[in-house]
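The values are calculated or read from the model by the stated rules, or taken from the named source; none is laboratory data. Computed from a prediction, not measured in an experiment: that's the story for all the values here. When we count neighbours, we look across all protein chains shown, and the Cβ atoms used for this are built from the backbone with ideal geometry, even at glycine. These area figures cover heavy atoms from the full protein model, side chains too; ligands, DNA and RNA do not enter into them. Shrake-Rupley method; radii C 1.70, N 1.55, O 1.52, S 1.80 Å.
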2 protein chains.
Amino acid sequence: MPVGTLASVKGVSQDVLEDLGVEILLSNTYHLFLRPGVETVRRMGGLHRFMSWDCAILTDSGGFQVFSLTDLRKVSEEGVAFRSHLDGSSHFLSPEKAMEAQIGLGADIIMAFDECTEYPADAARARASMELTVRWAERSKNYFEEHKHEVPWALKESAELRSAGRSRAAVPTRSEATQALFGIVQGGMDPELRRESADRTIDIGFPGYAIGGLSVGEPRELTREIVLSTLEHLPSDQPRYLMGVGTPDEIAQYAQSGVDMMDCVLPTRAARHGLLFTSEGKVSIKQARYAQDENALDPICDCRVCQRYSRAYLRHLYASNELLAQVLNTVHNLHFYLATMRTVRAWIRAGHAPAAGASQM
Amino acid sequence: MPVGTLASVKGVSQDVLEDLGVEILLSNTYHLFLRPGVETVRRMGGLHRFMSWDCAILTDSGGFQVFSLTDLRKVSEEGVAFRSHLDGSSHFLSPEKAMEAQIGLGADIIMAFDECTEYPADAARARASMELTVRWAERSKNYFEEHKHEVPWALKESAELRSAGRSRAAVPTRSEATQALFGIVQGGMDPELRRESADRTIDIGFPGYAIGGLSVGEPRELTREIVLSTLEHLPSDQPRYLMGVGTPDEIAQYAQSGVDMMDCVLPTRAARHGLLFTSEGKVSIKQARYAQDENALDPICDCRVCQRYSRAYLRHLYASNELLAQVLNTVHNLHFYLATMRTVRAWIRAGHAPAAGASQM
């Protein structure tokens, strides 16, 4: 899932995302909560209509971003008080507030409000944090079940049908559909705590489960251990979502290990810093060695950037701080990630055993 | 002509420019001279190949930009010594150097090296400056005539033909075509000096003529007077190019008065500052009044931005400093300018007398 923090994948217009074959975007509740505000998006009919995007959208709960505001937040049983990174204004997010916000934003998949345990954390802290996340998952689900019909597209379509004089009974509508709320497994770096978190989150019951609290500073090998051990405790017939991962190699490995969904800012953020992923490895396009290189960025890539422009031109755009550098670099990196996932899907369909496939990467 | 200063219209990819119907771009010799350097563009086969743009390109001579570096330049009969606005490095441009640079860049239309007379200027200064421009026009043409076959696409195509074993005699090629060098009329704000500049530039002989030295701080009415009086002295069967103009109203007026070509950074620069041109007048999209405005930016515009996004979304992107704001705003403003010119062409073809048409605007 490419990341569109503020209801936009930075620099890339929605028609280009469609051409790239993007099927689902992630957008950040914390950022949208501050700008343009949930109420504005709700009044505009929800995120899909606001940003003119007909494919799927997932919003995070805001929890991860709020916990990143180390010096600006205070956690209690009730929720998290925090100050905006933009203007220092005071806000509060709780499971109920995070659900209210995500229902107002109207993504297709929304996430329970969790506490992302810091790394490192001692055993007592990791357990307390995991237990808080379980209680918050329950509160998230309770609020969601009571309010899920308030999603803006449901209201909008009902109103349209009423004004068209058709009864809801006669025409089955999207207004009867609701968002999907996923639970999040925490538990720090302890496989046993992770197992317990998975079991207790499954007991609450969600249509999909995420593995959170990773990529918070731990070694890559530890991330991998925790992901693989946690996956075993999650139902394989429901979506399993690994949050905030990773490099092209990592997403291929994890997909083959059974992860169904991932999101990462890496392809888009790296692109804006001139770091490009290619079949021949990473290319730092700012380097002078590319100044007169007439070759395509990636000789076997069929994206619109590699098909049209040379490394020399991309290097010039980046070195000259041209806006188009960020646009073209982002398009290429997104294509590379999406093509990587298409390849992995083909491997899986062709019957490669996920575990063997993963260890071969 | 949209402006693509550094071989890129800021934020807009070449395929979108093609979709917009852009037929010719202006690029700036001064900026390309500094980054990536003429030699790099020449080795890459010239601007068209470097930026992957098959339609026409015009380069200015660098004169206007160098003269804008008020404190960093020194003018002599020979040319202009100046310091780079980027790093303070010393450079020199003369008619010969400006031709060499523009031949190396390989645009379709290139401009004689002129002195842009400052405003205000007394009679003696305006005459001396005009006479210098005439002498430089002669030197520009002399250098061009001697070196015009050095344009990189001519060399490239000759080499390709030779390597394909075909003789130049058998296959007529672009290598026999050369760039078109236009002369520039100066003369400050004195219609009589302008007439003399036009006559003497025509005597040197060019395939097209530009009116330079306007939009340098003089009142708009004076610009208009000088343009109209100068146009009378330029051959109407050759392209007449008014440099650095203007607002949508102005380009429509001047086109109907007989101007064939114009360039201006206004549509692209204003877009990046959130100022949008519409059929209902200018819109400053940053204003809070648009925060929940579901309407298209311009209700009668058929550009891809107005067809897809609301004012609320465009306002959000701009207020949140999203890259996509600059991209979409630029696409809309370029479309507005190009549509304005298409309308003017239709009026002209329909037989509206240019003078009457202009006075009705």
(message) Taking 37 °C and 0.692 mPa s as the conditions, I'd like the Stokes-Einstein D for chain B in µm²/s, using the Kirkwood hydrodynamic radius from alpha carbon pairs.
(response) 151 µm²/s
(request) Assuming R0 = 35 Å, can you tell me the calculated FRET efficiency for the pair B:ALA177 and B:SER84, based on Cβ-Cβ distance, to the nearest 0.05? (result) 0.60
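How big a patch of accessible area, both sides summed and in Å² to the nearest 100, lies buried between A and B at a 1.4 Å probe? Before the final figure, lay out each step's value.
Working: alone 16590 and 16610 Å², together 29690 Å².
Accessible area lost upon association: around 3500 Å².
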(request) Step through the residues of segment A:207-221 one at a time and calculate ³J(HN,Hα) from phi using the Karplus curve (6.51 cos²θ - 1.76 cosθ + 1.60, θ = phi - 60°), rounding each to whole Hz and writing x for Gly and Pro. (result) x, x, 10, 10, 9, x, x, 10, 6, 10, x, 6, x, 4, 5
(request) Shortest first and in nm with one decimal, please list how far the B:SER89 label point sits from its counterparts in the other copies (point 7 Å along Cα→Cβ). (result) 4.7
(request) With runs of 4+ DSSP H residues as the only contributors, calculate the mean residue ellipticity of the protein assembly as shown at 222 nm using -39,500 (n - 2.57) per run, divided by the residue total and rounded to the nearest 500. (result) -14000 deg cm²/dmol
(request) Please state the charge dipole magnitude for chain B, taken about the Cα centre, from unit charges on C-beta atoms (+1 on K and R, -1 on D and E), reported in debye and rounded to the nearest 20. (result) 920 debye
(request) Could you work out, residue by residue across A:284-292, how many beta carbons of other chains sit within 10 Å of that residue's beta carbon, and then give the average as an integer? (result) 1
(request) Distances from A:VAL265 to the same position in the other copies: list them in nm, one decimal, shortest first, using label points 7 Å from Cα along Cα→Cβ. (result) 3.1
(request) Just read off the accessible area of B:TYR209 with the full protein assembly in place, 1.4 Å probe, to the nearest 10 Å². (result) 0 Å²
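What's the average, rounded to a whole number, of partner chain beta-carbon atoms within 10 Å of each residue's beta-carbon in B:301-310?
Working: counts 0, 0, 0, 3, 1, 0, 2, 6, 5, 6.
The per-residue average across the peptide is 2.
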(request) Determine the relative contact order of segment B:17-88: mean sequence separation of Cα pairs under 8 Å and six or more apart, normalised by residue count, in whole percent. (result) 31 percent
(message) Let's test the formula: R0 of 51 Å, r as the Cβ-Cβ distance of A:ARG43 and B:ASP15. What FRET efficiency results, to the nearest 0.05?
(response) 0.90
(request) Whenever you get a sec, compute what percent of the accessible area on segment B:73-158 sits on carbon and sulfur atoms (1.4 Å probe). (result) 52 percent
(request) Amide H neighbours of A:ASP60 under 5 Å, at least 5 residues apart or on other chains, H built in the peptide plane: list them. (result) A:SER27, A:THR29
(request) Return the long-range amide H neighbours of A:ILE211 (sequence gap of 5 or more, or a different chain), with a cut-off of under 5 Å between placed amide H atoms. (result) A:VAL185, A:TYR241, A:LEU242, A:MET243
(request) Step through the residues of segment A:324-336 one at a time and calculate ³J(HN,Hα) from phi using the Karplus curve (6.51 cos²θ - 1.76 cosθ + 1.60, θ = phi - 60°), rounding each to whole Hz and writing x for Gly and Pro. (result) 4, 4, 5, 5, 5, 4, 5, 4, 4, 4, 4, 4, 4
(message) For a quick check, take a GNM of chain A with Cα springs below 10 Å and name the residue from A:HIS335, A:HIS85, A:HIS31 with the largest mean-square fluctuation.
(response) A:HIS85
(message) Need one number: nm distance between label points at B:SER284 and B:ARG269, each 7 Å from Cα along Cα→Cβ, rounded to one decimal.
(response) 1.8 nm
(request) Obtain the nm distance between the two label points defined at B:GLN238 and A:ALA123 by a simple spin-label model: each point lies 7 Å from its Cα along the Cα-to-C-beta direction. (result) 9.2 nm
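In percent, what relative contact order does chain A have, based on Cα pairs under 8 Å that are 6 or more apart in sequence?
On the way: 619 pairs, mean separation 49.0, N = 361.
Across chain A, relative contact order equals 14 percent.
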(request) Quick one: check the C-alpha center-to-center distance for segment A:227-242 versus segment B:195-222, whole angstrom. (result) 73 Å
(message) I need the phi-derived Karplus couplings for segment B:12-21: 6.51 cos²θ - 1.76 cosθ + 1.60, θ = phi - 60°, integer Hz, Gly and Pro marked x.
(response) 10, 6, 4, 5, 6, 4, 4, 4, 6, x
(request) Sort shortest first the distances from A:GLU232 to its counterpart in every other copy, using label points 7 Å along the Cα-to-beta-carbon line, and give them in nm. (result) 9.4
(request) Pop a pseudo-label 7 angstrom from the Cα along the beta-carbon direction at both A:ILE202 and B:ARG220 and give the gap in nm to one decimal. (result) 7.2 nm
(request) Identify which of A:SER257, A:SER76, A:SER197 has the largest mean-square fluctuation in a Gaussian network model of chain A, with springs joining Cα atoms closer than 10 Å. (result) A:SER76
(message) Given the options B:MET189, B:SER89, B:LEU328, identify the residue whose Cα lies farthest towards the positive end of the charge dipole of chain B (+1 on Cβ of Lys, Arg; -1 on Cβ of Asp, Glu).
(response) B:LEU328
(request) Mind pulling the per residue volume of the convex hull built on the Cα atoms of the protein assembly as shown? Å³ is fine. (result) 209 Å³
(request) On the full set of protein chains, 1.4 Å probe, figure out the accessible area of B:THR247 and give it in Å² to the nearest 10. (result) 40 Å²
(request) Give the distance, in whole Å, between the Cα centre of segment A:289-311 and the Cα centre of segment A:78-143. (result) 43 Å
(message) If you filter segment B:231-281 for trypsin sites (Lys or Arg not before Pro), then keep DSSP loop positions with at most 11 other Cβ within 10 Å, what is left?
(response) none
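Output the pairs from A:LYS74/A:LYS282; A:LYS10/B:LYS282; B:LYS10/B:LYS282 with a Cα-Cα distance over 29 Å in this structure; if there are none, say none. Mind dumping the intermediate values first?
On the way: A:LYS74/A:LYS282 40 Å; A:LYS10/B:LYS282 26 Å; B:LYS10/B:LYS282 21 Å.
Cα-Cα > 29 Å for A:LYS74/A:LYS282; rest within.
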(message) Between B:GLN292, B:GLN253, B:GLN186, where does the largest GNM mean-square fluctuation fall for chain B, given springs only between Cα atoms within less than 10 Å?
(response) B:GLN292
